[in-house]
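Please see the structure below; I have some questions.
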């Protein structure tokens, strides 16, 4: 049913029409071409094939069908992209999986809470103190309403009662982090007597909340706990509002606070977003890379040197982003700076930002005594830690040249330092060997096509034998569910982890492309291949041990010969 529905949705949407909403297409023979929307493109390298309903960029490699395009251009999950295309085509679809029903319930609970908190802030007397606080901070009401600020009253069950009237179950409130269990039973509101900042995902859905006290009590800020919707390490505050500007300019500015973002947007700098009290992560970098080529990280002068060489900046380099550093005056955050200085002054700050390597070279020269050998060595080591994260060889070579020139160190020595530092990282990122990947895909195809062979598959290929982590997770979930129920349903896998959906669909597509197969013979063949490899490995290990033993005997024999003579 899922595949039939997907086919109907794809057939009801024309990829040329959908792509044309984002980039101007020009006909080129049987195809259409344009500048690629996913990377800086000087000559048209992005092609759309209307017959096969596929797109392909010969510059950056982006390719796929209409669902893949909508996912990439709008930053949507597979499910959200399918729903958006279904909406455009006027096709009614229900829940695509059980896990989607759960997600919908959590989103509905968060939306209910956001409405409640906003109502208290702007319409109830209990919110007057919070409104006064916002006025004193200079946050206009239109900005507060845009970001959907609210207030959680000093009550143990105000939200619980409101949500119950709206039909939200207590179990959903607990899982969404909006309610908590009392030590002696019962439940209570998690957020109480706090100014509330709803936190949105990239699509503008409320996935969590931040709460700030209005007095000096501690903790000053609390966030929604980690939930299926909310992970601080993957969300950038304000990105839903910033996304159009970021996509248009291909650049984003990252700072650190809710009110920093609000003030920046109020002043017209709508490309500004913020982390949620965490360093920049790989998830952040991947999200930014969908829409931007360049990122300006905003630091204050006191912390810039330390943070510029942090893991957060390294992950940005790994995603091939052009990283720049902008500095505010000491002891000034962005909110205070924009409250005191003009828009033009902040534009100057952004215009004077430095490339990450220029900045890091300058900081290293200030930090270490480069007149000494030790100081120079420490400075070079610090810069090498950044260079090693650059995936592009040409850019990496240019950075090595600059370090060599700046510190008067032989280029070959710098290059060797980068190679030594990068060796462990390269080993970690090594992809599974193609043959092993084919084996893993075959075994999963067997599992889902012939459940009667699952027991044999599990015995020969436990989850830990899979080289690809996601395929291993799918296998583990399949074995567990089949063991518990004696049957297997793809919805059960999605319920375990919806992020595995695309990989599982790849497995299904892989199986379909293979056509009719003798699954028993296929499983037997892979089992015998693996057993043969295991025997060869054992024989090899034994030969090493035998050689080592013979070496020891020979050494004793030689010593005895010397003693006799």
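The values are calculated or read from the model by the stated rules, or taken from the named source; none is laboratory data. The shown structure was predicted, so the numbers you read here are calculated from the model rather than taken from an experiment. Counting neighbours? That spans all protein chains shown, and the Cβs are built from the backbone with ideal geometry, glycine included.
Considering only residues that are in a helix (DSSP H, G or I), surrounded by 19 or more Cβ atoms within 10 Å (Cβ to Cβ) and in contact with a helix residue (DSSP H, G or I) (Cβ under 6 Å, 6 or more places away or on another chain), which ones fall in the range 279-301?
If the condition is that a residue be in a helix (DSSP H, G or I), surrounded by 19 or more Cβ atoms within 10 Å (Cβ to Cβ) and in contact with a helix residue (DSSP H, G or I) (Cβ under 6 Å, 6 or more places away or on another chain), then 285, 291 are the ones that fit.
Is it the case that residue 422 is farther than 26 Å from residue 77 by Cα, at pLDDT below 85 and out of contact with any strand residue (DSSP E or B) (no Cβ under 9 Å at 6 or more places or on another chain)?
So residue 422 fits the description; yes.
Having 1 or more residues that are modelled with pLDDT of 95 or more and in contact with a strand residue (DSSP E or B) (Cβ under 8 Å, 6 or more places away or on another chain) is the bar; report the helices (runs of 4 or more DSSP H) wholly within the range 135-191 that clear it.
158-165, 170-175
Might you check whether a residue that is in contact with a strand residue (DSSP E or B) (Cβ under 7 Å, 6 or more places away or on another chain), surrounded by 19 or more Cβ atoms within 10 Å (Cβ to Cβ) and closer than 27 Å to residue 257 by Cα occurs anywhere in the range 382-396?
For the range 382-396, residues in contact with a strand residue (DSSP E or B) (Cβ under 7 Å, 6 or more places away or on another chain), surrounded by 19 or more Cβ atoms within 10 Å (Cβ to Cβ) and closer than 27 Å to residue 257 by Cα: absent.
Another question about this same structure. Give me the residue from the range 162-196 that is closer than 21 Å to residue 124 by Cα and without any contact (Cβ under 8 Å) to a residue 12 or more places away in the chain and, out of that set, surrounded by the most Cβ atoms within 10 Å (Cβ to Cβ).
Out of the qualifying residues, it is 164.
Go through the residues of the range 150-161 one by one and say whether even a single one is surrounded by fewer than 15 Cβ atoms within 10 Å (Cβ to Cβ) and free of Cβ contacts under 8 Å to residues at least 12 places away in the same chain.
Looking through the range 150-161, at least one residue is surrounded by fewer than 15 Cβ atoms within 10 Å (Cβ to Cβ) and free of Cβ contacts under 8 Å to residues at least 12 places away in the same chain.
Please verify whether residue 326 is modelled with pLDDT of 90 or more, within 21 Å of residue 195 (Cα to Cα) and in contact with a helix residue (DSSP H, G or I) (Cβ under 8 Å, 6 or more places away or on another chain), treating the condition exactly as stated.
Spelling it out, it is not the case that residue 326 is modelled with pLDDT of 90 or more, within 21 Å of residue 195 (Cα to Cα) and in contact with a helix residue (DSSP H, G or I) (Cβ under 8 Å, 6 or more places away or on another chain).
With under 16 Å from residue 204 (Cβ atoms) and surrounded by fewer than 22 Cβ atoms within 10 Å (Cβ to Cβ) as the only criterion, which of 223, 240 stands out?
240
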